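Structure record follows, encoded as structure tokens.
Just so you know, all these numbers are worked out from the coordinates, no wet-lab data involved. Here the structure is a predicted model, which means the values were calculated and not measured. Quick reminder, even Gly has a Cβ in these numbers, built from the backbone with ideal geometry, and neighbours come from all protein chains shown.
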Amino acid sequence: MNDKSYVSLERHVCLVCGVSFDTGNLLLDKRLRASMDRHTTTGWGLCAEHQQLFDDGYVALVECDPARSGFSASADRLKPGEAFRTGRVAHLKREAFAKVFARPLATEQPCVFVDAGVIERLQSLVAPTPN
């Protein structure tokens with residue numbers, strides 16, 4: 001049986017956690033050909049949890065392994081599809097990010113990819129809270 005259809009539910013992949021989520025949009029093949037699967041991933045976005053953190057003024061630091069990522073020495077950016085995420089994520093307020101890092105950050109940029117060890121280093125700078 002053919003599972004293809006001329007309509008599909010659109011999905012995006014979260015830039016921060018890499019989880020697929022529904023956008024609520026329907027995609028339609030204009031020629032009404034059965035060419036699409038039930039779900040179609042069309043791009044990157046933020047899941048509800050990470051969108052809320054971004055709206056609250058946080059920047060996500062997503063730890064990546066540079067040896068396993070598709071980073072090329074000629075480019076100064078790592079594309080989301082090339083990033084090999086380690087699973088560690090930290091969130092910093094935009095004001096704190098500007099003080100800690102010497103890189104400018106666009107206001108619409110929700111996350112940055114960092115090398116392994118950066119999040120651990122930032123955690124070591126924070127004083128432990130007394131119980």
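Couple of notes before you dig in:
- For region 57-125, relative contact order (Cα pairs under 8 Å, six or more residues apart, normalised by length) works out to 48 percent.
- Ordering 35, 5 by the number of other Cβ atoms within 10 Å of each residue's own Cβ, fewest first, gives 35, 5.
- Annotation: lysines with alpha-carbon distance below 20 angstrom to residue 30 (same-chain offsets under eight excluded): 4.
- The convex hull of the Cα atoms of region 7-46, projected and averaged over all directions, covers 2.7 nm².
- Net lengthening on full extension, residue 98/residue 4 (0.36 nm per residue, minus Cα-Cα): 29.1 nm
- Longest stretch of the chain clear of exposed loop sites (trypsin sites (Lys or Arg not before Pro), DSSP loop, at most 13 other Cβ atoms within 10 Å, sites excluded): 78-131.
- Electrostatic tally near residue 62: other residues with Cβ closer than 12 Å to its Cβ, Lys and Arg +1, Asp and Glu -1, net -1.
- Summed side-chain charge close to residue 16 - residues other than residue 16 whose Cβ falls under 12 Å, Lys, Arg +1, Asp, Glu -1: 0
- Of all beta bridges that DSSP places with both ends in the chain, some 55 percent have antiparallel geometry.
- Average Cα contact separation per residue, the chain, under 8 Å, 6 or more apart, as relative contact order %: 23
- When Cα Rg over 2.2 N^0.38 Å is computed from the coordinates, the matching label among (1) 1.17; (2) 0.96; (3) 1.32 is (3).
- Calculated Rg and Dmax of region 57-125 using C-alpha coordinates, Å: 12.0, 32
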